Structures are given as structure tokens and as C-alpha cells.
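The values are calculated or read from the model by the stated rules, or taken from the named source; none is laboratory data. Note that this is a predicted model, so its numbers are computed, not measured. Quick reminder, even Gly has a Cβ in these numbers, built from the backbone with ideal geometry, and neighbours come from all protein chains shown.
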Amino acid sequence: MLTAAAHAQHLSAQLHELLCAEIAAAGGRLPFDAFMELALYAPGLGYYVAGAHKFGAGGDFITAPELSPLFGQCVAAQCAEVLQTLAPPPGAMTNDILEFGAGSGALAVAVLRELERLESVPAHYWIVELSAELAERQRQRLFTELPHLAPRCGWLTTLPAHLRGVVLANEVLDAMPVSRFQIAADGAIAEIFVTTTAGTLMDIAAPVQSPGLATAIAALHAAGLAQAPGYSSEVNLRLAPWLAAVGAMLDAGVVLVSDYGYSRANYYQPDRTSGTLLGYRHHQVSGNLYQHLGLQDLTAHVDFTAVAEAGEAAGFTLAGFTTQAHFLLGCGIDRLLAGAEVTLEQTLAAKQLLLPTAMGERFKVLGLNKNISGEWCGFAVRDLRDRL
């Protein structure tokens, strides 16, 4: 029987073979977003679906819900405010929560536990999860830690037809496949593809092929961004279709997007000449996107200006935009800390969530309203929408 490490390397080798075959089938070069999709989500082989431990100190990265339940408690406070505002009339649809990519289930547990305390438990807590292995881990955790609430939870691989309530997307958009581009010496736009040389994966620049990429870069140029020869970066062309689908599903409610990222002007600032795309493995940054296939995360920062624009195009109105620190303060993290017997571990975790040098400013939260309005607590301390 193979050891865990040997099994992982075996899956990585299989993924390499699959990618080489896909590159050959595409005529020798594969658009980067297609490579990234396979590297992360290829059935049974991709990083998020192959079964390796990813979350927490023993994995590859720590998300805010993993760091402390305080994050989920604050998210629950915002959810409660929305759910109470949406109180349905008799016979109407129930109010639910839908979470994309629930990871280890830490956010779901913290949110449901706090909503129970706030007497605002939703009728259903849906989790859209592409990984059967992660879905099973989430199910086991919820039924172990919240056996009386777990029956309200359901797992989906596609969006439901209708939803009324709150949609949570915590560190989801950074794992969405992106398209890459480069500005040539003469100012021409090139798309970055993935090719193979003697079995080694590498970049290759060629004329733009991906639909919508040239238009997206032209818009950046019109704003005076990403123009210098040699400048390279990425664009999330899948964001707008994703938000359009979410908008078609959500009859009324709020979408909360939390992730690391920038406004467009900061994302494409002149000195960020190589974009934001990185690999992560064992809490270490890797600049080589083609090593440890299926064993390292691939992630790009979020262009929150693009999120706001795509949301408005999908029928949403902007509810607010702020830093994670200001969102958590607006949702009462200070009251949560003051009302409990705070341990040193909780204090250190709170600092990580709030400090500008940690997650406090690097992570942002953006809210989108659909057929609802309100002065939401998460954006009450400081709304930075004017920076988008």
C-alpha cells in the first residue's frame, strides 16, 4: 500500500499526464484559466477535490473561520440582520443561507451556532461544494458539533433555482480560474497560455484567444492601467457569469463576498508588474505555478471593482465595501470579546483578524443587495465604496 505522500505524488503525476494531453488536444497551448481549472478541480486529481488536508495549521493555509470562531460569529450577526429584515409573510419562501465552498465546515458551524443564540436560525443552510470528500468532512463536522441543527443543512453541486436570504462567498473568488495577459514591447496585447517542452509545463505568449479578454484589457487601458511594455497580470472572466447565475437564483437577500484583494486601481497599479497569481503549499508561497500539480493551491487576488460592476450588471445594488477589520467591528467583535472570558489564544486570533499588518486590511468584504435595502452593520463603521 502506498504511503500518503507516495499516493499524493501518484495523483500529481496523473494530473500532469492529463494536462499534457489537454495541451496536445488544444493544439499545443492551453488557455491559463483552463489549466488552472484542471489543476484545482479536475475530478479526483485537482487540488480541491483530491482529498489532501488543506485547511488549518496542518494544511496549506488558514482561513479566517479556521483562525477563530469570532469571524463566523460576526458573519452571523450580519446574517441575522438580513434574515430579520427579510421576515417572510405567511406562505412565502423560507429564508435560507447558502455558502459556497465551505472548506472544513468551520464557518458553517460558527454561523449556525451564533444564529441559534441570536434566535435567527435559517430554515436551511445550503452548501455548494464540488468536492465530495470535502462535503463529507463538512457533514461529519456539522453532525458532530451541531447535531440538532445539522438536519437543516443540505449539500449541492449546482445552484438551486431560487433562494431567499444570504449568500456567503468566503475566500471563493480567489480560487476561481483566471486568464493571464502580457503587454508586448510594441504595446500589443498577448494572452499567456500553458504549453509543454519535453514534458515540462511552462508559459507561452500568443495572440489573444479567450473570448472577452481583449475587451477587458481594453477597458483597463482606457482607465490608464496595465499599459507598460512587459506588464503582465490576470483577469477573472468567470466572475460576471458567476454573479449573473447568483443573481438569477436570489429572489431577495444579500451576497457577502469576503476575500483578499484590491480596488481595480490598486490591483493594476504600475509597480505590480507580474500580477497577483501565486501558489501556496504548507503555508509557503511558491512562484512556480507548474510544480506540485494538484498539491499546491493556486490563487489570485480579487478585483473588487469588477465584483461591484458585475453585481450591478446582474441586478444587484452595492450594499457596501470595507476592510475585514471594519466589517468585524461593525458586526460587534469588540462586544463578543468583552462579553466572554477571553483566553490568550482568543486574543491572539482577534489580533490576526483585525490588525492591518495581518488580515485586517488585506482582506475586504463587499455586500450586494437584491430586492432589499438596509443600513447593514458590517458596513456601518466605515464604508469604502468610494474607493472602488
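Could you please find all residues in the range 311-321 being outside any strand (DSSP E or B) and either under 14 Å from D259 (Cα atoms) or without any contact (Cβ under 8 Å) to a residue 60 or more places away in the chain (or both)?
Going through the range 311-321, the residues outside any strand (DSSP E or B) turn out to be 311-316.
If the condition is that a residue be outside any strand (DSSP E or B) and either under 14 Å from D259 (Cα atoms) or without any contact (Cβ under 8 Å) to a residue 60 or more places away in the chain (or both), then E312 is the only one that fits.
Test each condition in (1) at pLDDT 95 or above; (2) closer than 21 Å to M249 by Cβ; (3) not in a helix (DSSP H, G or I) for V121 and report the one that comes out false.
It is condition (2) that V121 fails.
When you go through (1) surrounded by 21 or more Cβ atoms within 10 Å (Cβ to Cβ); (2) among the hydroxyl-bearing types (S, T, Y); (3) in a loop (DSSP other than H, G, I, E, B) one by one for T94, which number turns out not to apply?
(1)
Can you find, within the range 147-160, the residue that is nearest to V109 (Cα to Cα) among those that are within 22 Å of the chain's Cα centre (by Cα) and loosely packed, with under 15 Cβ neighbours inside 10 Å?
Only one residue fits best here, namely G154.
Taking only pairs six or more apart or across chains, which ones have beta-carbon atoms under 8 Å, a first residue in the range 199-223 that is polar (S, T, N, Q), and a second residue that is assigned to a loop (DSSP other than H, G, I, E, B)?
Partner pairs satisfying both residue conditions: T200/Y290; S210/L237.
Tell me the helices (runs of 4 or more DSSP H) entirely within the range 322-388 that contain at least 3 residues that are within 24 Å of Q269 (Cβ to Cβ) and under 21 Å from the mean Cα position of the chain (by Cα).
324-330
Which pairs turn up if I take residues in the range 179-197 that are in contact (Cβ under 8 Å) with a residue 12 or more places away in the chain and closer than 23 Å to C20 by Cβ and look for partners that are among the acidic types (D, E) and crowded, with 19+ Cβ neighbours inside 10 Å with beta carbon separation below 6 Å, at least 6 apart in sequence or on another chain?
Final answer for the pair search is S179/D33; R180/E234.
Please pick out the residue among L250, L256 that is of a type in the set (A, V, I, L, M), buried (at least 19 other Cβ atoms within 10 Å of the Cβ), closer than 18 Å to A175 by Cβ and touching a residue at least 40 places away in the same chain (Cβ under 8 Å).
Among L250, L256, only L256 is of a type in the set (A, V, I, L, M), buried (at least 19 other Cβ atoms within 10 Å of the Cβ), closer than 18 Å to A175 by Cβ and touching a residue at least 40 places away in the same chain (Cβ under 8 Å).
Can you name every one of the strands (runs of 3 or more DSSP E) wholly within the range 261-304 that holds 2 or more residues which are out of contact with any Asp or Glu (no Cβ under 6 Å at 6 or more places or on another chain) and of a type in the set (S, T, N, Q)? Explain how you work it out, then say what you get.
Details: elements: 278-281, 284-286, 297-299.
In the range 261-304, 284-286 are the strands (runs of 3 or more DSSP E) which contain 2 or more residues that are out of contact with any Asp or Glu (no Cβ under 6 Å at 6 or more places or on another chain) and of a type in the set (S, T, N, Q).
Looking at the range 109-125, which of the residues that are out of contact with any helix residue (DSSP H, G or I) (no Cβ under 6 Å at 6 or more places or on another chain) and over 15 Å from R164 (Cβ atoms) is surrounded by the fewest Cβ atoms within 10 Å (Cβ to Cβ)?
E119
Can you work out which of the residues in the range 304-341 that are among the hydrophobic types (A, V, I, L, M, F, W, C) and exposed (fewer than 13 other Cβ atoms within 10 Å of the Cβ) is modelled with the lowest pLDDT?
Once the filter is applied, the top-ranked residue is A340.
Could you tell me whether E133 is out of contact with any Asp or Glu (no Cβ under 9 Å at 6 or more places or on another chain), touching a residue at least 40 places away in the same chain (Cβ under 8 Å) and within 30 Å of L18 (Cβ to Cβ)? Walk me through it before giving the result.
On the way: out of contact with any Asp or Glu (no Cβ under 9 Å at 6 or more places or on another chain): yes; touching a residue at least 40 places away in the same chain (Cβ under 8 Å): yes; within 30 Å of L18 (Cβ to Cβ): yes.
For E133, the condition - out of contact with any Asp or Glu (no Cβ under 9 Å at 6 or more places or on another chain), touching a residue at least 40 places away in the same chain (Cβ under 8 Å) and within 30 Å of L18 (Cβ to Cβ) - is met.
Consider C79 against the criteria (1) touching a strand residue (DSSP E or B) at 6+ places or on another chain (Cβ under 8 Å); (2) hydrophobic (A, V, I, L, M, F, W, C); (3) farther than 17 Å from V255 by Cβ: it satisfies all of them except one. Which criterion is unmet?
C79 satisfies every listed condition except (3).
Taking the range 218-254 as the region of interest, how many residues are of a type in the set (D, E, K, R) and either over 30 Å from Q78 (Cα atoms) or in a strand (DSSP E or B) (or both)? Working first, answer last.
At the first step, the residues of the range 218-254 found to be of a type in the set (D, E, K, R) are 234, 238, 251.
If we keep only those that are either over 30 Å from Q78 (Cα atoms) or in a strand (DSSP E or B) (or both) too, we end up with 234, 251.
Count: 2.
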